[in-house]
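Read-outs: derived from the displayed coordinates by stated rules, not from any lab. On a predicted model such as this, the values are computed, not experimentally measured, just so you know. So basically every Cβ, Gly included, is an ideal-geometry build from the backbone, and we count neighbours across all protein chains shown.
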Amino acid sequence: MRKITAVIKVLFGTAAKKYPMFFVLKVLRMIITTLMPFIALFISPMIVDEIVGERNLQKLIILAAVLVLGEAVCQFLNDWFTNLINRYSTRLDKLFSLEIGRHVMELDFQLTEDKEALEQIEKARTGMEWYSGGVHGISDQFFKFIGDLFKAAGFITIIAMRAPILLLAILIYTVVNAFFVSRVNKISIEAFGKLSKLNRLFGYFGWNIVDPRYGKDIRLYDAKGMMLDSWKENSRKSNEHWKWQGDEGFKYQLAGGFLGLARSIFAYAYVAVLAIRKVISIGTFTQLISAEGGLNSSVEDMVYRVTELVKRCNYAYEYVIFMNYPAALTKGTKPIEKAPHEIEFRHVSFAYPKTDRKVLDDVNIKIVPGEHLSIVGLNGAGKTTFIKLLCRLYDPTDGEILVDGVNIKEYDYRQYMEQFAPVFQDFRLFAFSLRENIAFDSKDKDIESLTDRVGLHEFTEKLSKGVETNIFKFFDEEGVEPSGGEQQKIAIARALCKDAPVVILDEPTAALDPIAEYEIYKQFNSLVGGKSAFYISHRLSSCQFCDKIAVFSEGKIAEYGTHADLSKKENGIYAKMFEAQAQYYRD
């Protein structure tokens, strides 16, 4: 009951604020569908009795006209309301898909790499879209239950007046059948809980096979067989899952079918005996048979609606859970202005959630405002993790990070994020225009000067629509496919456009040729200016453009100093790395 209440409160509340007319139409349709069967239930017996009795033609015509016209008007209104409801239903589906998408983007980054959170996202999507039917599907069950309740009350009144024994038979049938239906629904809910992982894997293998971004690797490494085999294996598991659900529920469905047949046989036999004995008229016989069928259908529907409502609300409750998913990071309220900052890592250690291995171990470093720090080290030394902690994508396991002497947990989270303009090595561009990829929704930015500064002048000159040209061809056949180096320059321009006091460049020139890389280095100071800068690169020639160098090794800062100092340090890590690269170019 708690889940049903929570789902109705959240889903109906959200929908009513946006589209209140949706529920007005639902109520009007419920009234019409409740009245429809009673038109025939009262008029048809009168027609039958008139045919076997006085056969007054005028009266028969009037009764038939009332029956046909009444049902026609109700059917027209029902179809009209249904058409309008379906339009709102489509809008509501999009509304809740948008809400899920918005919440995914607002989640703490740590949760986007958490297996349980990813599965909860999948449960929320499938629970709202496939299984519950969303607001439309749940409200349908709710309002149809109310309508069936009124119909059942009307049918019970008619039967109680003419053949009360039928009520006892229907009651017994209803109780037993409710048990069968509840068992089937319990199996369905259990199956849904096991299906989210299978659906996520199915989507991953299926979409990656047809995603053009993976086209070169699939072809050149002949990965088609592996991808298809993985898809087939996951499909086999999915089919086994559905087969289990069908096999488990079949016996209860079969028993319910035989029980319904026994109820129908008893009803016809009992009412027929009453008619033969002339306890009731032929018209009343037809009315009772219709009322019995209508009551049975209404009660069955009520049981079905309740169990279906419980089941659908259980599915949709995954959306409620997701929308209230607990934050991974604590958020402060202290304001922070966009200005140069002093940054300090004080005894910072970090292990990724649900692991014991420390990626960073007792890191201590202070960066003064405007300082340019180069971060170097072998793969896995903790360089990118260091940046993730600074940007509050994760919080330290131990120790603290201070900005201007204040623990970063105390700052307003959104304001704190505005202090950083990062270019990560796994950055992503979007299938929007070049301008939108750089400036997003900022309309007053001078994009052309930024693209010129990072060496994209020739690239933009060739574009048919200039900076308004779409990146990629997902939505626009005239979109452009930038090279890896061009994409990296666009990402750098994006970071500069943000105009944050701290610039972070994580392998920013990995996809650039040596000449383009040199041009970026040469303009490094003019690009970054007096801002603080963190520069991660495996090409140690970049370190000469930075004030200090931090050499990471096994999660610790093993060496710290200027390029001149570290390059001369005997048996130093940095000196060996620099000499190895210099030797490569000399050779």
Handout entry: E448-I172 pseudo-label distance in nm [points 7 Å out on the Cα-to-Cβ vector]
Key = 8.9 nm
Practice task
Quickly rank 355-363, 565-573 as a protection proxy: mean count of other C-beta atoms within 10 Å, highest first.
Solution key: 355-363, 565-573
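Chymotrypsin sites (Phe, Trp or Tyr not before Pro) within region 343-433: which are DSSP loop residues with at most 13 other Cβ atoms inside 10 Å? Walk me through the numbers on the way to the answer.
On the way: sites: F345, F350, F386, Y394, Y411, Y413, Y416, F420, F424, F427, F430, F432; in loops: Y394, F424, F427, F430, F432.
Loop-located and lightly packed - F430.
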Fill in the blank from the handout: Checked against the positive end of the charge dipole of region 2-323 (+1 on Cβ of Lys and Arg, -1 on Cβ of Asp and Glu, about the Cα centre), the farthest of L11, P164, F180 is P164
Fill in the blank from the handout: In the chain, taking the dipole from +1 charges on Lys and Arg beta carbons and -1 charges on Asp and Glu beta carbons about the Cα centre, the listed residue (V73, V320, F285) farthest towards the positive end is F285
Problem - Principal axis dimensions, largest first and in whole angstrom, of region 2-323 by Cα - result: 88, 42, 39
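Which length gain, in nm to one decimal place, applies between F76 and A223 when the Cα-Cα distance is subtracted from 0.36 nm times their residue separation? Display every interim value, and only then the final one.
On the way: separation 147, 0.36 × 147 = 52.92 nm, distance 5.64 nm.
Answer, rounded to one decimal: 47.3 nm.
Remind me, relative contact order of the chain in percent, using alpha carbon pairs under 8 angstrom and six or more residues apart?
Details: 764 pairs, mean separation 86.4, N = 587.
Relative contact order comes out at 15 percent.
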Exercise for the section: Based on other C-beta atoms within 10 Å, arrange L393, L171 from fewest to most. Expected result: L171, L393
Practice task
Let me know the charge dipole size of the chain about its Cα centre in debye, to the nearest 20, where only the beta-carbon of Lys, Arg (+1) and Asp, Glu (-1) is charged.
Solution key: 2420 debye
Completion exercise
P(r) of region 75-123 over all Cα-Cα pairs, 10 Å bins starting at 0, rounded to whole percent, reads 23, 31, 20, 15, 9, 1
Completion exercise
Cβ density ranking, 10 Å radius, fewest first, applied to R29, R539 yields R539, R29
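Could you calculate, for region 262-403, the ratio of the Cα radius of gyration to the Kirkwood radius, expressed as Rg to Rh?
Numbers: Rg = 35.8 Å, Rh = 22.4 Å.
On the Cα set of region 262-403, Rg over Rh gives 1.60.
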Practice task
Using label points projected 7 Å from each Cα along Cα→Cβ, tell me how many nm separate N239 and D412, to one decimal.
Solution key: 5.7 nm
Practice task
Give K59/K278; K26/K251; K331/K531; K531/K556 a once-over and call out the pairs whose C-alpha atoms are over 29 Å from each other.
Solution key: K26/K251
Practice task
Quick one: Debye curve from the alpha-carbon atoms of the chain only, equal weights, vacuum; give me log10 I(q)/I(0) at q = 0.06, 0.07, 0.09, 0.11 Å⁻¹ to two decimals.
Solution key: -0.53, -0.65, -0.89, -1.15
Practice task
Identify, among L95, A431, V24, the residue whose Cα sits farthest towards the positive end of the charge dipole of the chain, taking +1 on the Cβ of Lys and Arg and -1 on the Cβ of Asp and Glu, with the dipole about the Cα centre.
Solution key: V24
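State the extension gain, in nm to one decimal, for the chain segment bounded by M1 and K569, taking 0.36 nm per residue of separation less the distance between their alpha-carbons.
Working: separation 568, 0.36 × 568 = 204.48 nm, distance 7.03 nm.
Once the chain is fully extended between M1 and K569, it gains 197.5 nm.
What size of dipole, in debye to the nearest 20, comes out for region 430-481 about its Cα centre when the only charges are +1 on Lys and Arg C-beta atoms and -1 on Asp and Glu C-beta atoms?
100 debye
Work out how much length F12 to N379 would gain on full extension: take 0.36 nm times their residue separation and subtract the Cα-Cα distance, in nm to one decimal.
Details: separation 367, 0.36 × 367 = 132.12 nm, distance 5.06 nm.
Full-extension gain reported as 127.1 nm.
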Exercise for the section: Would you kindly calculate the translational diffusion coefficient of region 430-481, applying Stokes-Einstein with the Kirkwood radius from alpha carbon pairs, for 10 °C and a viscosity of 1.306 mPa s, and quote it in µm² s⁻¹ without decimals? Expected result: 143 µm²/s
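With helices defined as uninterrupted DSSP H runs, which ones in the chain have an alpha carbon span along their own long axis of at least 24 Å and mean Kyte-Doolittle hydropathy of at least 1.6? Show your work: numbers first, answer last.
Details: long enough: 21-52 (48 Å, 1.84); 57-106 (72 Å, 0.51); 134-162 (42 Å, 0.78); 165-210 (63 Å, 1.04); 224-276 (74 Å, -0.30); 282-323 (59 Å, 0.23).
Helices meeting the span and hydropathy rule in the chain are 21-52.
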